[in-house]
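These notes concern the structure reproduced below.
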Amino acid sequence: MNPQGKRSGHRRAGGRTAGKKSLDSPNLRQRLVIENVRPDVDGGRFLSKGVVGETISVEADIYSHGHDELAADLLYRHESESEWHRAPMQLVVMDEDRWRCEFNPDERGIYLFTIEAWIDPYARWRRDFAVKAAVGEASDLDLQVGAHLLNQVAERASGPGRRALADAAERLPLDSADATNIALDQGLAREARDWKDPLLVARYERELSVLVEGKKAAFSAWYEMFPRSASPDPGRPGTFRDVEARLDYVAGMGFDVLYLPPIHPIGVAYRKGPNSSLNASAGDPGCPWAIGSKVGGHKSINPDLGTMADFRRLVNAAKRRGLNIALDIAFQCSPDHPYVTEHPEWFRKRPDGSIQYAENPPKKYQDVHPFDFETEARESLWEELKSIFLFWIEEGVSFFRVDNPHTKPFAFWEWCIAEIRKVDPDVVLLAEAFTRKPVMYRLSKVGFTQSYTNFAWTRDKPTLTEYFTELSTSPVMDFFRPNAWPTTPDILTEQMRRGERATFVSRLVLAATLSASYGIYGPGYELIEHAALDPDSEEFLNSEKFEIRHWNLDDPRSLRGEIAAINRARHENVALQSSRGLRFLDIDNDQIIAYSKTSPDKGNVIVCVVNLDPKRVQEGTVRLPITDWGLSKGAKFRVYDLLNDAAYQWQGQSNFVRLDPKVTTAHIFKVDLAEVVRRSASG
């Protein structure tokens, strides 16, 4: 074949022949670029997350070639609305062409948003004319150009706006004495802005979505307890009635959610004994996560705890005290679960035909059978698992802690959570996923409301700073809501095994202030429970997972007072109710970590200073961004320690702190901005 002939038949990608006709493409006429929009989770594949009443900030890079004057609007609407709301965007970083606008969602549901930008020829003329007028170089020709542009805008306008624009266009070149006033009239500029040239308008290529939920989706303090250990009598197992009697204790510490490990019947086959031994005696209660017996399964109550009527009474009693009961959802079965005999097709078989039990080598869980989510009977399995959530929602439960979701398919969770939200849009799902960050993040993207974090193992100042900076900034903060726990029934880190009171207090303060949601495993935490199964184990000795414990809530070592003070500070200060607004502060001591939390309106500022050394006094000078709070560099102001009601007089950007772990291992300071304002007004 003739090579030249082959080239002459060449066609460009997309099937269009090169030539004049391709220049008619609207894309080639488009002068504006809108990109790097946030919040945007994976190109709009997933929803970003927001809270009713909390500002949603939208940003984008918007630019054009040359020196055009640009304008942009944020378009947003609730999914139930057909018309867009508009709000003007502002150029916030000029050298980077970064624009921003905020809107405040006032109801739950999905909000859609996009961006419209356009070139404003009159605004450019007005900008250039102001420069010329300032140096006396504005000419009659400049005024004629401005009048021409105003006439073009007037032709697109209607109503009073059209008359105002046309009148200004007529007067501009005739009244040179008043020309500058006309040209720089802000109202006229705003009117011209509203009647844009359609050929100079660009719309962002996608409509993005944000899921707006209730406040507790992003802000809550969780308290975990085993109902069977709630009895005040050492010789008697606890019941739901005993949990009900303890509600005032939990609510009195300021918690929002009372989380109960599985409350279902416990299997007998391969039941574990104390400290996970394989030789259980007749009186051993077994592990609550070995769900199911001849009494029932995931939709049944362990009869040792009470009846369904007792549980409903507990749920209602908790709500009267401002507490939500959270249940554990663990999709696994004991060998005795009715599912095992009724639906053997839902489980993975070994070559000998027996059902595969759970393993996490070297650990073996012979008392637990995991589901096979890839089974050929997948449809019936998935529907049944969804119905477990719906069953407990019908019983008044909207908060769930989901066990090991990272061992189940992402596709299942995306489908299941979407189905659940159709029934209960306010459902809160906490993912217990201690695993790799990409996996944790994916679970949040597919629908989990909150997630456990790696906080328990994040100890020193550099790693705490790096980790929580990532969690509190975009893109992670757009979809991931952290819930920080210092310990859990499965996690007793080396740091906590030392049993130092100062460590328990400092980790509590860090969890409760770095993250808007946090939790503790009690009553062990407030009683500084730290005995480990062995020196190198993260398992508790005599763990409640395998036996019933009795706790002395009146133990004088209890951190009950400190916990109540911390939760009171959280409820009374908006800055602590969001994981956003976090800023780490410079301090000249690596054993002290300092950071501020600021409310969106900057009206509430909290400064936290924590001693990371549980044994020694640490001091340092913390540098504060007081000019960002609206204060002058030398301003005098008071800070109030919300942990002990102490007040301190501070001045300027640098202030001294001293933390003795035997006395005070942390400060949660509220900055009194109102006092500065009063003093300034009177001075």
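The values are calculated or read from the model by the stated rules, or taken from the named source; none is laboratory data. These numbers were taken from a predicted model, which means no experiment stands behind them. Every residue, glycine among them, receives a Cβ derived from its backbone with ideal geometry; neighbour counts consider all protein chains shown. Just the protein is used for accessible areas: all its heavy atoms, side chains included, with ligands, DNA and RNA removed. Shrake-Rupley method; radii C 1.70, N 1.55, O 1.52, S 1.80 Å.
Remarks
- Entries of 602/633; 299/363; 545/615 with Cα pairs more than 22 Å apart: 299/363; 545/615
- Point-charge dipole on Cβ atoms (K/R +1, D/E -1) for region 93-229, about Cα centre, debye to 20: 600
- For region 317-458, the solvent-accessible area of protein heavy atoms averages 42 Å² per residue (probe radius 1.4 Å; ligands and nucleic acids excluded).
- Set of aspartates and glutamates near residue 132 by C-alpha distance (under 20 Å), chain-local residues within fewer than 8 positions excluded: 68, 69, 120, 140, 142, 175, 178, 185
- Rounded to whole numbers, the Karplus 3J(HN,Hα) couplings from phi for region 614-628 are x, 10, 10, 5, 10, 9, x, 10, 9, 9, 10, x, 5, 5, 5 Hz, using 6.51 cos²θ - 1.76 cosθ + 1.60 with θ = phi - 60°, and x at Gly and Pro.
- Straight Cα distances below 12 angstrom link residue 662 to the aspartates and glutamates 500, 613, with same-chain residues fewer than 8 positions distant left out.
- Eligible aspartates and glutamates near residue 294 by straight Cα distance, threshold 18 Å, same-chain separation 8 or greater: 284, 304, 336, 342, 367
- Under the combined filter of DSSP loop state and at most 16 neighbouring Cβ atoms within 10 Å, region 457-512 retains these trypsin sites (Lys or Arg not before Pro): 459, 498.
- Across the chain, Cα pairs under 8 Å and at least six residues apart give a relative contact order of 10 percent.
- DSSP-assigned coil residues among trypsin sites (Lys or Arg not before Pro) in region 39-105, each with at most 12 further Cβ atoms within 10 Å: 45
- Pairs beyond 24 Å (Cα-Cα), from 215/636; 216/445; 319/670; 386/437: 215/636; 319/670; 386/437
- Per residue, the average separation of C-alpha pairs within less than 8 Å and at least 6 apart gives region 516-566 a relative contact order of 41 percent.
- Kirkwood Rh and Cα Rg combined as Rg/Rh, the chain: 1.07
- Surface share of carbon and sulfur [accessible, 1.4 angstrom probe, percent] for the chain: 49
- Of the whole protein surface, residue 458 contributes about 10 Å² of accessible area at a 1.4 Å probe radius.
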